[in-house]
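The values are calculated or read from the model by the stated rules, or taken from the named source; none is laboratory data. In this text, all values refer to a predicted model and were calculated from it rather than measured experimentally. Don't worry about glycine lacking a Cβ; one is built from the backbone with ideal geometry, like all the others, and counts go over all protein chains shown.
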Amino acid sequence: MKRFFQPVAKNGTATKKQAVESKELNDVTESAAAEAESGNEAKEPLRFLSWNANSFLLRLKNNRTEFVDLIRSFDPDVIAIQEVRLPAAGRKGESKNQGIIKDDTSAAREEKQAVMRALSVSPLSDYQVWWSLADSKYAGTALLVKHCFKPVSVKFSLESGASRDTHVPDGRVILAEFKTFRLLVTYAPNNGWKEEETSFQRRRKWDKALRKFVSQESKKPLIWCGDLNVSHQDIDVSHPDFFRTAKQKDYTPPNAEDVGQPGFTAAEKQRFSQILKDGGLVDSYRWLHKSQDFENGFSWSGNAVGKYRGKRMRIDYFLISEQLVGRLLHSDIQGSGIDHKGYCGSDHCPITLELSPATSTVPAHLPHVSSIDTDSTTGIDVKEITPEGVCP
């Protein structure tokens, strides 16, 4: 564990041991790529968990038991975390290493040690971790993949020609390629309330970049998960009229399509529809859950006090390429109610996705199955697909 706690050099660049730390992660993907090219069979993840933790460190300190219980119960092959809120290595005012957690001060070192200790204990020790971090305690994403599932490559940018050291600002993107599919983890910037560079304009640029990415041709289908910060339809919010007309103080945006709660403006919803269309993507949760579930159908819940009490939105997603729909078993929201049951301390709750093996195609209309061992529709033994604690 010592290698995780080395300070950065005075110029903000990685020290020799930090360079080794990054190289070890790269070696994993290079080995997997060589294995894939050799034609060897590679096992593929089937169970995925995504969660905006609203500070991963705080959740590991204060809500670890609840989070670990969920991991043990669902046994995900891949865990995607958004809003990590751990600063990247590097001194103030100098370039940062977004793949390494800051540890050049006593406070930062203690925080990093707390995170790494938590990750060194089962069941989290079963996972390899990749970080994409912001310069400060803001935003950031993390990808945890079971050691037996080696991605072919892991990148941190949407640009096809970007090097592995290129990170999207604020660490908002992780793109992992496996043998038969690509996994995109994103933490979308909030739309904000105003026609400003850090609000509407930033979100427009983000949506444009995502639309460009999903429109690019690829031989591998896409699984895209994360806090996408948009509720697509009225059914995806608890109080449509409230969110549609919400304003910040007395400010009214110059364009009517930008009026409303960030994440529920007409402009955002229209752009999201276009991204789904251009990318040939399906909202996995809505595919399986056609009607509104007022108790369990939202992934974000407002403060328990004030005008947002009871106001909820579904802004966390698993989007999948159309060719994966036939393998879709489950897509679920793991929290419920206005009191944040199952939220593990965050204002977002975890969401989960489960696919059948590539060799076992199930009907696209497969109904939701929650707690039974065998799916009566397909005859698939759900437990046998991915036994708890064991890679298939």
Tally of residues being within 15 Å of the chain's Cα centre (by Cα) and either buried (at least 21 other Cβ atoms within 10 Å of the Cβ) or of a type in the set (Ser, Thr, Tyr) (or both) across the stretch 189-216: 1
Failed item, numbered, when Lys219 is tested on (1) loosely packed, with under 15 Cβ neighbours inside 10 Å; (2) within 30 Å of Ala358 (Cβ to Cβ); (3) in contact (Cβ under 8 Å) with a residue 24 or more places away in the chain: (3)
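So which helices (runs of 4 or more DSSP H) stay within the stretch 1-118 end to end and still have 2 or more residues that are modelled with pLDDT of 95 or more? Break it down into steps so the answer makes sense when it comes.
Values: elements: 16-37, 56-62, 64-74.
Result: 56-62, 64-74.
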Any chance Ser331 is under 14 Å from Trp224 (Cβ atoms), in contact (Cβ under 8 Å) with a residue 24 or more places away in the chain and small (Gly, Ala, Ser): yes
The stretch 84-116: number of residues that are in contact with a helix residue (DSSP H, G or I) (Cβ under 9 Å, 6 or more places away or on another chain) and on the phi < 0 side of the Ramachandran plot: 19
Conditions (1) surrounded by fewer than 16 Cβ atoms within 10 Å (Cβ to Cβ); (2) closer than 23 Å to Lys96 by Cα; number of the one not met by Ala176: (1)
Residue within the stretch 145-159 that is of a type in the set (Phe, Trp, Tyr), surrounded by fewer than 22 Cβ atoms within 10 Å (Cβ to Cβ), more than 16 Å from the chain's Cα centre (by Cα) and closer than 24 Å to Leu183 by Cβ present: yes
Positions within the stretch 204-237 being under 27 Å from Asp293 (Cα atoms), of a type in the set (Asp, Glu) and in a helix (DSSP H, G or I), in sequence order: Asp234, Asp236
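Answer with yes or no whether Gln292 is at negative phi, touching a helix residue (DSSP H, G or I) at 6+ places or on another chain (Cβ under 7 Å) and modelled with pLDDT under 95. Step through it out loud before you land on a result.
Numbers: at negative phi: yes; touching a helix residue (DSSP H, G or I) at 6+ places or on another chain (Cβ under 7 Å): yes; modelled with pLDDT under 95: yes.
Against the criterion (at negative phi, touching a helix residue (DSSP H, G or I) at 6+ places or on another chain (Cβ under 7 Å) and modelled with pLDDT under 95), Gln292 qualifies.
Out of Gln274, Gln270, Gln248, report the one residue that is at pLDDT below 95 and of a type outside the set (Gly, Ala, Ser).
Numbers: Gln274 fails: at pLDDT below 95; Gln270 fails: at pLDDT below 95.
Gln248 is the lone residue from the list that is at pLDDT below 95 and of a type outside the set (Gly, Ala, Ser).
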Odd one out for Arg312, checked against (1) buried (at least 20 other Cβ atoms within 10 Å of the Cβ); (2) more than 30 Å from Ser218 (Cα to Cα); (3) modelled with pLDDT under 95: (3)
